[in-house]
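What follows is a set of notes on a single structure, which appears directly below.
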Ligand SMILES: Nc1nc2c(ncn2[C@@H]2O[C@H](COP(=O)(O)OP(=O)(O)OP(=O)(O)O)[C@@H](O)[C@H]2O)c(=O)[nH]1
Ligand SMILES: [Mg+2]
Ligand SMILES: [Zn+2]
């Protein structure tokens, strides 16, 4: 029988069989071998074959994946972590304050989506909250920056309902992966999109304006209008796996058209003479924040144990 993985929390996995029944599930021993490479061999969105034994689904096969979102496990750079798989699109939730979302975090996730060809949008949440003047400007600037690069951007509030129906429209009939720092409002947004769901949410820690890691698992929920949304815990940094330094700039859409214009065709856009990417940064055609993320990711992937070039 085929089933869909709908919830994963460490080793605890739940699957939904074709007849709608939800089962706790165990993996057959041979998948444990994959744990040398992956933090966990399975993720929400996986299609699997199961056999029911004593009210537990035994997963006998993981069916081929259409796509996945993969990062380096922040706790173990020798391993990769599958964040989600078989998704139609992803949305990263962003807040300028409360909590503060670093741009390195935003750009890191966008790179993952570019790598695996997953359409991605940015949702700037909590539009109702009054911001300091600088943060207000920054929010507007970032909305425009990412829109100009070609990403879909939204401004939402679960309090005033701003932007909620626009986001919902895009999610109907699709499987969407949602992520963002703890406290950014992922579960709150899903609650607004699926009335009656009542996922747990919690206020930020007062002093630090950080989230409390309320959601500790990945889980898939169904929209009444059709479509599925995957809620996730507040993941930390997104460091791409399986990318070579020469490839990295191709995952920054605004850099792609410049790459061929560099003097050296193996230019890494660091300090080489005649670099068209750096020229575009100097002329404000490419945002310096994006270029800084590029450099940071470049040095990060070169320091990975898997880096051999
Ligand atoms: N004012 C305002 N507060 C919001 C909005 N969305 C979420 N919040 C608040 O932000 C806090 C965190 O929201 P959650 O939905 O728990 O955040 P999360 O991203 O799921 O966090 P984790 O599960 O820890 O990863 C809660 O106090 C929410 O009420 C919004 O649009 N406006
Ligand atoms: Mg949550
Ligand atoms: Zn260059």
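The values are calculated or read from the model by the stated rules, or taken from the named source; none is laboratory data. Just so you know, these numbers come straight off a predicted model, no measurement behind them. FYI the Cβ positions are ideal-geometry reconstructions off the backbone, even for glycines, and counts take in every protein chain you see.
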(request) Check off (1) outside any strand (DSSP E or B); (2) within 10 Å of ligand 1 (Cβ to nearest atom); (3) within 20 Å of the chain's Cα centre (by Cα) for residue 168 and give me the number that stays unchecked. (result) (2)
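For segment 221-240, name all the residues that are surrounded by fewer than 16 Cβ atoms within 10 Å (Cβ to Cβ) and without any contact (Cβ under 8 Å) to a residue 40 or more places away in the chain. Give the derivation first.
If we filter segment 221-240 for residues that are surrounded by fewer than 16 Cβ atoms within 10 Å (Cβ to Cβ), which is where we start, we get 222, 224-226, 236-237.
Passing the criteria: 222, 224.
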(request) Tell me, yes or no, whether segment 261-276 has at least one residue that is outside any loop (DSSP other than H, G, I, E, B), surrounded by 14 or more Cβ atoms within 10 Å (Cβ to Cβ) and at pLDDT below 95. (result) no
(message) Every residue in segment 277-291 that is over 13 Å from residue 248 (Cβ atoms) and in a helix (DSSP H, G or I), please.
(response) 278, 279, 280, 281, 282, 288, 289
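Just to be sure I understand, how many residues within segment 211-252 are within 16 Å of ligand 3 (Cβ to nearest atom) and either outside any loop (DSSP other than H, G, I, E, B) or within 22 Å of residue 13 (Cα to Cα) (or both)?
Just the residues of segment 211-252 that are within 16 Å of ligand 3 (Cβ to nearest atom), to begin with: 244-252.
Filter once more, so that each one left must be either outside any loop (DSSP other than H, G, I, E, B) or within 22 Å of residue 13 (Cα to Cα) (or both): 245-251.
Matching residues across segment 211-252 total 7.
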(request) Restrict the check to segment 120-141 and report whether at least one residue is surrounded by fewer than 16 Cβ atoms within 10 Å (Cβ to Cβ) and within 19 Å of the chain's Cα centre (by Cα). (result) no
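Looking at segment 195-208 only, could you name the residues that are touching a helix residue (DSSP H, G or I) at 6+ places or on another chain (Cβ under 8 Å) and either within 11 Å of ligand 1 (Cβ to nearest atom) or not assigned by TED's automatic domain parsing to the domain that holds residue 161 (or both)?
First, the residues of segment 195-208 that are touching a helix residue (DSSP H, G or I) at 6+ places or on another chain (Cβ under 8 Å): 197-201.
Within segment 195-208, 199, 200, 201 meet the criteria.
Select, from 264, 238, 252, the only residue that is within 16 Å of ligand 1 (Cβ to nearest atom), at negative phi and not assigned by TED's automatic domain parsing to the domain that holds residue 36.
Working: 264 fails: within 16 Å of ligand 1 (Cβ to nearest atom); 252 fails: within 16 Å of ligand 1 (Cβ to nearest atom).
Result: 238 is the single residue among 264, 238, 252 that is within 16 Å of ligand 1 (Cβ to nearest atom), at negative phi and not assigned by TED's automatic domain parsing to the domain that holds residue 36.
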(message) For residue 171, only one of the following conditions fails: (1) surrounded by 13 or more Cβ atoms within 10 Å (Cβ to Cβ); (2) over 22 Å from residue 43 (Cβ atoms); (3) away from ligand 2 (no atom under 12 Å from the Cβ); (4) in the same structural domain as residue 105 (by TED's automatic domain parsing). What is its number?
(response) (2)
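Give the residue that is farthest from ligand 3 (Cβ to nearest atom), with candidates limited to residues of segment 189-210 that are outside any loop (DSSP other than H, G, I, E, B) and within 25 Å of residue 85 (Cβ to Cβ).
First pass over segment 189-210, keeping only residues outside any loop (DSSP other than H, G, I, E, B): 189-193, 205, 210.
Filter once more, keeping what is within 25 Å of residue 85 (Cβ to Cβ): 189-191, 193.
Working: 189: 38, 190: 41, 191: 45, 193: 42 Å.
Checking each candidate, the answer is 191.
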(message) Being over 20 Å from the mean Cα position of the chain (by Cα) and either more than 15 Å from residue 248 (Cβ to Cβ) or crowded, with 20+ Cβ neighbours inside 10 Å (or both) is the filter here; which residues of segment 292-305 pass it?
(response) 305
(request) Consider only pairs whose beta carbons are under 9 Å apart and that are at least six residues apart or on different chains; among these, list those whose first residue lies in segment 195-220 and is under 17 Å from residue 177 (Cβ atoms) and touching a residue at least 24 places away in the same chain (Cβ under 8 Å) and whose second residue is near ligand 1 (Cβ under 6 Å from one of its atoms) and part of a strand (DSSP E or B). (result) none
(request) Given the conditions (1) outside any loop (DSSP other than H, G, I, E, B); (2) under 27 Å from residue 67 (Cα atoms); (3) more than 16 Å from ligand 1 (Cβ to nearest atom), report the number of the one that residue 144 does not fulfil. (result) (2)
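On the basis of being surrounded by fewer than 20 Cβ atoms within 10 Å (Cβ to Cβ), closer than 23 Å to residue 72 by Cα and not assigned by TED's automatic domain parsing to the domain that holds residue 175, does residue 36 make the cut? Even if it seems obvious, please write down each step before you answer.
Working: surrounded by fewer than 20 Cβ atoms within 10 Å (Cβ to Cβ): yes; closer than 23 Å to residue 72 by Cα: yes; not assigned by TED's automatic domain parsing to the domain that holds residue 175: yes.
In short, yes.
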(request) Determine if segment 111-128 includes at least one residue that is within 16 Å of ligand 2 (Cβ to nearest atom) and not in a loop (DSSP other than H, G, I, E, B). (result) yes
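Condition test on residue 192, is it more than 6 Å from ligand 1 (Cβ to nearest atom), surrounded by fewer than 21 Cβ atoms within 10 Å (Cβ to Cβ) and under 19 Å from the mean Cα position of the chain (by Cα)? It would help to see each step written out before you state the result.
Values: more than 6 Å from ligand 1 (Cβ to nearest atom): yes; surrounded by fewer than 21 Cβ atoms within 10 Å (Cβ to Cβ): yes; under 19 Å from the mean Cα position of the chain (by Cα): no.
When the stated conditions are applied, residue 192 does not pass them.
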(request) Quick one: which residue in 211, 180, 150 is under 18 Å from the mean Cα position of the chain (by Cα), near ligand 1 (Cβ under 9 Å from one of its atoms) and at pLDDT 95 or above? (result) 180
